[in-house]
Amino acid sequence: KDKDDKVVGNAIRTIGHVSYFVYTPEFLSNEGGSASDDLKLYGSLLSNLTGKVHGVLCDATGETSRELTWKQRNSAKKHAWGAATTIGMLLGHSHLLSHFDDSLVESALLQFFRCIQLHAFINEKVFAAAVNALAALPASLWQYISTTNSNVTACGLAAFFNFLESPQRKAASSYQANVERLAKSFILIANKRDFCQMFLLRESLPFSIDFLYQWLISCDVQSSTLEQVVDAVTSQEVEHVIDVSDIQIFLSRTAQHNQLVQQLVQQDESMQSVTSDDEDEL
């Protein structure tokens with residue numbers, strides 16, 4: 001049994017490395033049935049590896065009643081740790097994703113977000129592998145996700161803000177920088193629908209409106225992004241999950257921020273005008 005567990009663990013780690021030799025950018029241009037077979041294998045591997053992570057998360061939350069021994073649980077954690085790393089490698093081949101059902105990729109990413117949500121209850125190596133895998137994914141993957149009709153962006157943002165505001169985050173502070181970078185990347189591709197879905201997820205992934213606002217301002221997000229968040233906050237779709245007082249505070253602070261930005265722009269234009277006049281006199 002121990003030997004089998006080690007073989008499985010080694011196989012999981014090897015899959016990711018071998019994939020770089022198989023799923024090259026030129027892979028899809030190969031003729032014949034081999035490419036089709038390898039694509040099926042890719043989908044099967046991604047699904048099975050996602051199941052490894054899902055199983056450990058279910059064990060942590062008690063969602064399933066798998067009667068595992070301590071040794072079996074330990075092996076499951078090791079396999080999930082390796083699976084998270086390998087999933088990241090497989091998803092890195094973003095040129096393949098359009099050939100699969102979006103639910104396959106969505107399922108894998110949602111397990112990563114759950115690892116962040118449950119970071120205080122799962123093995124730290126599994127959590128670290130999930131965060132590191134997400135942080136290493138190419139921008140092309142997130143751009144692809146933004147074109148799909150999925151809730152990946154919303155779920156990711158809710159999980160990130162829940163983690164960043166959580167008091168338990170201090171125990172995992174070494175991963176904060178990666179999570180913040182991920183949140184910034186997701187903010188750039190999010191739209192009003194994503195923000196609405198994010199607010200609806202606050203019941204299971206709580207974060208305060210005040211924290212969200214302060215974070216957006218500290219990151220100096222574009223005014224267009226802030227406007228989409230405002231549109232979402234004031235949407236009828238989320239009015240039952242956000243207090244009126246929070247909405248008023250958000251709108252008031254946003255108006256003040258926009259006014260300040262406008263004043264700074266006018267001051268800058270005025271300074272440029274004075275400089276230009278001085279140069280003309282010379």
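Things worth noting here:
- In this structure His95 has an accessible area near 60 Å², from a 1.4 Å probe over the protein heavy atoms.
- Nearest-0.05 FRET efficiency for Ser245 and Ser44, computed from C-beta distance (R0 45 Å): 0.35
- Cross-link pairs Lys78/Lys192; Lys125/Lys184; Lys6/Lys40; Lys77/Lys192 - those with Cα-Cα distance over 29 Å: Lys78/Lys192; Lys77/Lys192
- Within a Gaussian network of the chain (alpha carbon springs, distance under 10 Å), most fluctuating of Gln143, Gln111, Gln266: Gln266
- Phi angles across region 101-110 convert, under the Karplus curve 6.51 cos²θ - 1.76 cosθ + 1.60 with θ = phi - 60°, into 3J(HN,Hα) values of 5, 4, 5, 5, 5, 4, 4, 5, 5, 5 Hz, Gly and Pro given as x.
- Loop-located GluC sites (Glu not before Pro) in region 167-240, at most 13 other Cβ atoms within 10 Å (DSSP): Glu239
- Solvent-accessible surface (1.4 angstrom probe) belonging to Asp246, in square angstrom, nearest 10: 50
- Global geometry of the chain, whether rounded, prolate or oblate, following the gyration tensor of its Cα atoms and the 1.5 cut on a/c: prolate
- For the pair Thr61 and Ser174, a Förster radius of 25 Å applied to the C-beta separation gives a FRET efficiency near 0.55, rounded to the nearest 0.05.
- If the segment from Glu203 to Ala255 were pulled out straight at 0.36 nm per residue, it would be longer than the present Cα-Cα gap by 16.0 nm.
- Region 43-125: GluC sites (Glu not before Pro) in DSSP loop, at most 11 other beta carbons within 10 Å: Glu63, Glu67
- Against the criterion of solvent-accessible heavy-atom surface with a 1.4 angstrom probe, Leu45, Leu205 sort, most first, into Leu45, Leu205.
- Residue among Val105, Val265, Val126 with the largest mean-square fluctuation in a Gaussian network model of the chain, springs linking Cα atoms under 10 Å: Val265
- Averaging the Cα positions of each part gives two centres, and for region 217-260 and region 85-159 these lie 27 Å apart.
- Region 24-176 - percent relative contact order, Cα under 8 Å, separation 6 or more: 25
- Computed label-point distance, nm, for sites Met271 and Val221 using a 7 Å Cα→Cβ extension: 2.7
- Full extension of the chain segment joining Glu237 with Leu28 gains 71.1 nm, where the gain is 0.36 nm per residue of separation less the Cα-Cα distance.
- Anisotropy class of region 105-260 from Cα gyration tensor, a/c 1.5 cut: prolate
- For His54, the solvent-accessible surface with a 1.4 Å probe is about 80 Å², rounded to the nearest 10.
The values are calculated or read from the model by the stated rules, or taken from the named source; none is laboratory data. Quick caveat, the model's predicted, so the values are computed rather than measured. Quick reminder, even Gly has a Cβ in these numbers, built from the backbone with ideal geometry, and neighbours come from all protein chains shown. When the accessible area is computed, the model is the full protein with side chains, heavy atoms only, and any ligands, DNA or RNA have been set aside. Shrake-Rupley method; radii C 1.70, N 1.55, O 1.52, S 1.80 Å.
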